[in-house]
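Chemist: Below you will find the structure I want to go over with you.
The values are calculated or read from the model by the stated rules, or taken from the named source; none is laboratory data. This one's a predicted model, so the numbers in the text were calculated from it and none came from an experiment. Positions of Cβ are backbone-derived with ideal geometry, glycine not excepted, and every protein chain shown enters the neighbour counts. All accessible areas refer to the heavy atoms of the entire protein, side chains included, with ligands and DNA or RNA removed. Shrake-Rupley method; radii C 1.70, N 1.55, O 1.52, S 1.80 Å.
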Amino acid sequence: MKKWIWLAIAITLVWTASAIYSRHEAEWKNRSYEIMMPYDQIQEAVQSSAEEDELLARLKKAGLTSISIEAETLHSLEKAGVVFTFERDELLKSLIIADESFSMPDLPSEGLFIYIHDTSFPVRQALEQVFGEQLSTMKIGKRTYYFVEGNPRKLNDIPLGYNEQVIDRLTDQGFQVVLRLPDARYMTETNEFVLEQITSLKGERVNKLLPTGEEIAGFPNELQKWGERWKEAGYALLSIEFTNMKGFVTVAKAMDAQVVRLHSLNLERRDPAEAVDVAIRAVKERNIRAIFLRMDSSKAPDKRINMAVNVIENIVKQMPSHYEAGASHPFAPIHQSLATKAMVVLGASLFLFLATAQLLPRLVAYAAFAGSFVLGVLSMFTSISLFEQLLALGVGVLTPVYAAIPSSPIRRTKDIVWTYMRSIGISFVGIWWIVSLLYGNEYLAYIGEGFRGVKLVYVVPILFVAAYVLWPYISKNPLAFAKKQLREPVKYWHLLVFAVGGAVFLYYISRTGNVGAASPLELAFRQKLEEWLYVRPRTKEFLLGFPVYVFALYLLKENMKKASFLLVIGVIGWLSIVNTFTHLHIPLYVSFIRTLYSLILGAIIGSIMIGMYRIFLKKRGMA
């Protein structure tokens, strides 16, 4: 029966291979990345339009491809010298200093007085459109002021529209212009025209939107509406890595996942060499296709400009030749037919049956097959992604356990090789189903949750294998075994072992996901590995999991029964490679290369451990 099931799995693997290749092709062919900077920082670094043009030309020559533009506000217009704004007391002081001969007016207490100094932006029309009847005009001396009642801080940040003259000037100079979507907290019904303006500004060099703040424009009630409009206009949406913005997922899905992943770099917080390294890794390892660069505003203008130019030049120079600077694009759409989805569900369910049947009673295996198949069918015929994510989690948790526990006795050296190769094969079959279940541009661009249960994949297989190797010792009478252990006297070294073991386990768990911290020494070691190998293998795989696993297989061959306890450490290698592929925003070929390095290096280090162990026994006269 087992052979027939593996034959059926092989058929489903062949059937679904085209979908895996389509994803690889979408990743491989998307080679263009862009480097962008915010326009307001460029303005702050210069003192005249001539200097601005000179700086823009220099940045473009260095490799800058795009510039982001925010909707103008009273605050930004004042910084640009287009308007002057005053609160009541400030205006009174300025009038006294001006010493003009007119009677002091009776001014409203709370609000903002606006004086238009430059007509390069249609301030009056924008004010009338946004504030309507709230806007009043007053003549004070020879000047006309506009007054808006309300909280001055909030009034200063209300979007008034995009400066089309600036956009035209930047596109004429060959830059892509990225429109920054206003934060929904500053949007009202009266300035909705700003979002309408976005639709009308779409052009060959104005085709991407970058959200701002905590809530994407349209939140909470009009996300679908604006997402669909921007999709129809032909925009792509930029997704800021490591940022969770309210409403983003809804807008991204309304735009059919036309999303480009962006990484933000602030030179005020990063050393230039580090910034270059981070940018390159982001592009080649995490499907990032836009680098947002902020200058170090704490430095003098000439120094901050030189630093930014240097960083941009080095990013372009050191980026792998596979990638090219230019306009970024969303990944080409990838889809699975209903027949392919059915094959994925069948293959994953059969795989879970075999994994469960090796580890648990056959009845549990049948239940696992039925449950996984039902989840798969529900994922096929509903739009609820939770079903496919639960099925993928089941595969992710059981694959490392299935791979780590040998299926037959190990008596000869070739059995060690066979068991290691079998574990590799099982791991890649499980990985295949995870990648096939969580399929589509929303996973490729990391829209929403992605793979759920990363912590479980790191913990459950270890606990399962530990229970598996302990079972022969406790299976006859678990209660008696537990009582015996509880009656044992506790010594100081026991407490020390528990404390150290607990600390190591907590550190291990803390290192999972994207927030785990590494020591400076480990970071330096990682950097060297990347320089030598293009992508670094994971240290927990090739320095810990796989070497210990190979060593454990050798000890099992030597009839050392308690060597099975080393499988608890060895499973770390298998769960780690599964985890590598659950990062669905990492290119498949990068994950494959990384895993291949780990498997080869782990086997070599494991063989060295075996050799050292044999030398040790020989010197002790035990060989």
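Chemist: Take the residues of segment 122-170 that are at pLDDT below 90, assigned to a loop (DSSP other than H, G, I, E, B) and over 16 Å from residue 88 (Cβ atoms): which is most open to solvent (accessible area, probe 1.4 Å)?
Modeler: 142
Chemist: Same structure again: Residue 594 passes all but one of (1) among the basic types (Lys, Arg); (2) more than 23 Å from residue 471 (Cβ to Cβ); (3) open to solvent by 30 Å² or more (accessible area, probe 1.4 Å); which number fails?
Modeler: In the conditions (1) among the basic types (Lys, Arg); (2) more than 23 Å from residue 471 (Cβ to Cβ); (3) open to solvent by 30 Å² or more (accessible area, probe 1.4 Å), residue 594 misses (3) alone.
Chemist: Another question, if that's okay. Mind checking which residues of segment 326-378 are of a type in the set (Val, Ile, Thr), buried (at least 20 other Cβ atoms within 10 Å of the Cβ) and more than 19 Å from residue 13 (Cβ to Cβ)?
Modeler: Within segment 326-378, just 356 meets the criteria.
Chemist: Would you mind telling me which numbered condition in (1) touching a Ser or Thr at 6+ places or on another chain (Cβ under 8 Å); (2) of a type in the set (D, E, K, R); (3) under 22 Å from residue 412 (Cα atoms) residue 594 fails?
Modeler: (3)
Chemist: Restricting attention to segment 391-420, which residues are of a type in the set (A, V, I, L, M) and either surrounded by fewer than 20 Cβ atoms within 10 Å (Cβ to Cβ) or not in a helix (DSSP H, G or I) (or both)?
Modeler: Result: 405, 410, 417.
Chemist: Quick check on my filter: what residues within segment 38-73 are part of a loop (DSSP other than H, G, I, E, B), open to solvent by 60 Å² or more (accessible area, probe 1.4 Å) and either outside the structural domain of residue 193 (by the TED database) or touching a Gly at 6+ places or on another chain (Cβ under 8 Å) (or both)? Give the derivation first.
Modeler: First pass over segment 38-73, keeping only residues part of a loop (DSSP other than H, G, I, E, B): 45-48, 63-65, 71, 73.
Pick out the ones that are also open to solvent by 60 Å² or more (accessible area, probe 1.4 Å) and you get 47.
Passing the criteria: none in range.
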